[in-house]
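Notes follow once the structure below has been shown.
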Amino acid sequence: MKIVKYPHPALRAAAQPVMAIDKDVELAAGRMLDLMYKHEGLGLAAPQVDLGIQLLVMNFEGDPARKDAEYVAINPVIVESKGTVNDREGCLSFPGLYQNVRRARTVKVQAYNLKGQLYEMTCSDLPARVWQHEIDHLAGVLFIDKMGPLGKLGSKKDLEKFIADFEKDKKKGDLPPGLEPRL
Ligand SMILES: [Zn+2]
């Protein structure tokens with residue numbers, strides 16, 4: 001398992017709901033948490049590891065020792081959102097790219113955990129931003145789609161570099177030669 005980078009087509013596909021919380025899902029969540037910590041992220045969505053299921057892992061402190069801040073979310077939904085806040089955001093599929101993105105300040109979310117229990121959480125600011133960013137991934141929506149005109153223009157060079165790197169990776173054989181980018 002590894003993190004795919006923009007413009008890998010897996011990032012643009014809608015993820016399917018998880019129908020059974022089995023060993024495979026548990027194993028995938030564990031591997032995703034390891035990858036997230038290794039890359040010092042706050043969240044990772046299954047499409048980012050080329051897995052088309054509605055599964056997220058998050059740690060709002062970014063600290064593997066802080067298990068209280070660690071969440072696994074299966075089939076998550078935002079049931080309520082309030083306010084707006086514009087703040088810096090990044091994504092493990094866009095290494096080095098940070099831009100302001102407008103998000104709801106507060107969200108109420110529901111999801112299943114690995115034990116198959118439905119839980120609800122209301123949070124604001126950074127955790128709310130992480131939830132919104134990660135849930136977007138499950139619909140093939142990326143933070144570059146949510147940037148304002150300044151952020152979009154400011155990202156142009158980075159995006160061109162990611163697209164060039166994707167083609168290089170195909171030539172090197174790190175990606176299948178026929179894989180089509182999805183911008
Ligand atoms: Zn992301």
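Residues are listed down the side, and each one gets a yes or a no for (1) of a type in the set (A, V, I, L, M, F, W, C); (2) touching a Leu at 6+ places or on another chain (Cβ under 9 Å); (3) within 14 Å of the ligand (Cβ to nearest atom):
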{"residue": "91", "(1), (2), (3)": "yes, yes, yes"}
{"residue": "107", "(1), (2), (3)": "yes, no, no"}
{"residue": "113", "(1), (2), (3)": "no, no, no"}
{"residue": "127", "(1), (2), (3)": "no, yes, no"}
{"residue": "131", "(1), (2), (3)": "yes, yes, yes"}
{"residue": "136", "(1), (2), (3)": "no, yes, yes"}
{"residue": "143", "(1), (2), (3)": "yes, yes, yes"}
{"residue": "146", "(1), (2), (3)": "no, no, yes"}
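Residues that are outside any helix (DSSP H, G or I) and touching a residue at least 60 places away in the same chain (Cβ under 8 Å) within the range 149-183 comprise 175, 179, 180, 181, 182, 183, listed in sequence order. With respect to the conditions (1) within 25 Å of residue 14 (Cβ to Cβ); (2) modelled with pLDDT of 95 or more, residue 178 falls short on a single one, namely (2). You will find that of 64, 47, the residue that is closer than 28 Å to residue 20 by Cα and either β-branched (Val, Ile, Thr) or surrounded by fewer than 16 Cβ atoms within 10 Å (Cβ to Cβ) (or both) is 64 and no other. Number of residues in the range 35-53 that are more than 11 Å from the chain's Cα centre (by Cα) and not β-branched (Val, Ile, Thr) equals 8. Inside the range 62-98, residues that are in contact (Cβ under 8 Å) with a residue 12 or more places away in the chain and of a type in the set (Asp, Glu) make up a count of 4. The single residue among 27, 42 that is among the hydrophobic types (A, V, I, L, M, F, W, C) and either within 15 Å of residue 135 (Cβ to Cβ) or surrounded by 14 or more Cβ atoms within 10 Å (Cβ to Cβ) (or both) turns out to be 42. Could you list, in sequence order, all residues of the range 84-111 that are assigned to a strand (DSSP E or B) and crowded, with 20+ Cβ neighbours inside 10 Å? Once the filter is applied, which keeps residues that are assigned to a strand (DSSP E or B) and crowded, with 20+ Cβ neighbours inside 10 Å, the range 84-111 yields 89, 99, 101, 103, 107, 109, 111.
The values are calculated or read from the model by the stated rules, or taken from the named source; none is laboratory data. The structure displayed is predicted, hence computed values, not measured ones. Quick reminder, even Gly has a Cβ in these numbers, built from the backbone with ideal geometry, and neighbours come from all protein chains shown.
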